[in-house]
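The values are calculated or read from the model by the stated rules, or taken from the named source; none is laboratory data. Here the structure is a predicted model, which is why all the values come from computation and not from measurement. Because the Cβ atoms are built from the backbone with ideal geometry, glycine has one as well, and the counts that use them run over all protein chains shown.
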Amino acid sequence: MEDALKKIIDKIEGNRIKGLDSSLSSSSSEIAKIINKPFEKKEISEEEAVKLFLIEDSDELASLIIAADNARKEDVGDDVTYVVNRNINFTNICNTYCGFCNFMAPEGDSRAYFLTMDEIKEKVLEAKDNGATEVCMQGGMHPDIDGNFYVEIIKSVKEAVPNMHTHCFSPFEVHYGAETLGIPILDFVKMLKDVGHGTFPGTAAEILSEDVRKIIAPGKITTDQWVNTIKEIHRAGMKTTSTIMYGHVDKPHHWARHFEVIREIQKETMGITEFVPLRFIPWDTRIFKKGISREGPSDLDQLKMYAISRLYFRGLIKNIQVSWVKQGPEFAQYCLTAGANDFGGTLMEEKITTAAGGKFGQYFAPEDFRKLSFEINRRPVERSTSYEYLKVFEN
């Protein structure tokens, strides 16, 4: 952990011991009033979220972090959940050329690969043997596949392990699948549902503001298309997660706008199971190498992201997930004391973050999740994709 981050944490923990959250919350400061709103069954506005993201005062920061942790405890208790899963990136061949991605490879490139259905089945069987209850699959936007390919993937998983939960396909892939078949998104989602598909990751969101998307991912679907696709998935009676990928060319007002878009979707559909902040991993990406982006969010930005999301989505999205892949286990552990309650999944393999230069991403053992949870006096719980408790562990 960096020295600067340790100083921030020491300040927060010192104020936590002193009970600063109660002294600041009783003051008349504007920040204190905003932080208090979710405890009074009031919503934090988009404009107020920007003010929280811009906090620089250390006491106000401590108050924010501690309040979010208190809200977490009231909302979901002291359990830290995680899922035993396997991530399968079925192809890296892609024609979208997002500036933040170093995972993709053009067809014919020496790095390009495309798993067969038999290879996918083999990975699913290995996942089962390692205790996984979920496989998570996403891939590049291969120019030669269509919606039927995604249906075949689900069929292959179910043929290999009938009770394996499939958490697959971003809204971009869903939109693409429907478009290639010339059918409405709702009909395509129902095709996937009919062959046993489980849930969808709410990825490909990045930042839901067109001025940012045009810079980092001009080839992806628009904000409106992403929102419409998510709503259609929910309309089919299926659940999604929600994400934000931040720390590149975006600003705090973009984060607040993104939050508001997600909150409005949830108010309408209640189809989102969790919110997952994903820090931008810059080092091997085109937008960083060209000097377009900064080198990811600061440690302070990350702490704020978890705390503000807990308060902003209170009463609507109760699960906030850290990312050990993006942050590293130690910092992810600390973020569990800043409003988050879920440790994510074991993954077993993950290629997108590591391709961008991330140091973590291959595998995190369940016993390590449990160890890190016990270290912060929390109870680890192995969960299903839908947050049903499968195994509860006592220290």
Problem set entry | Close pairs (8 angstrom Cβ cut-off, 6 or more residues apart or separate chains): over 18 Å from W226 (Cα atoms) in the range 163-185, of a type in the set (K, R) anywhere | M164/K128; M164/K158; T166/K158
For this session: Look through T269, T199 and report the one residue that is in contact with a His (Cβ under 8 Å, 6 or more places away or on another chain) and more than 30 Å from F331 (Cα to Cα).
Result: T269
For this session: Might you let me know whether the range 363-371 holds any residue that is at pLDDT 90 or above, surrounded by fewer than 22 Cβ atoms within 10 Å (Cβ to Cβ) and more than 24 Å from V135 (Cβ to Cβ)?
Result: yes
Exercise. Would you say V276 is within 30 Å of S384 (Cβ to Cβ), at pLDDT 95 or above, in a strand (DSSP E or B) and not acidic (D, E)?
Worked result: yes
For this session: Answer yes if at least one residue in the range 243-253 is in contact (Cβ under 8 Å) with a residue 24 or more places away in the chain, more than 15 Å from the chain's Cα centre (by Cα) and surrounded by 22 or more Cβ atoms within 10 Å (Cβ to Cβ), and no otherwise.
Result: yes
Seminar exercise, completed: Of the conditions (1) buried (at least 24 other Cβ atoms within 10 Å of the Cβ); (2) within 16 Å of the chain's Cα centre (by Cα); (3) over 19 Å from E375 (Cβ atoms), the single one that Q321 does not satisfy is (3)
Exercise. So is R310 buried (at least 24 other Cβ atoms within 10 Å of the Cβ) and either of a type in the set (G, A, S) or touching a residue at least 40 places away in the same chain (Cβ under 8 Å) (or both) or not?
Worked result: yes
Exercise. For the range 87-106, how many residues meet the condition of being in contact (Cβ under 8 Å) with a residue 60 or more places away in the chain and hydroxyl-bearing (S, T, Y)?
Worked result: 2
For this session: With respect to R257, determine if the residue is modelled with pLDDT of 95 or more and assigned by TED's automatic domain parsing to the domain that holds N102.
Result: yes
Exercise. Can you name the number of the only condition in (1) in contact (Cβ under 8 Å) with a residue 24 or more places away in the chain; (2) over 28 Å from T81 (Cα atoms); (3) within 20 Å of the chain's Cα centre (by Cα); (4) crowded, with 20+ Cβ neighbours inside 10 Å that I230 fails?
Worked result: (2)
For this session: May I ask you to list the residues in the range 137-159 that are within 23 Å of the chain's Cα centre (by Cα) and farther than 17 Å from F200 by Cβ?
Result: G140
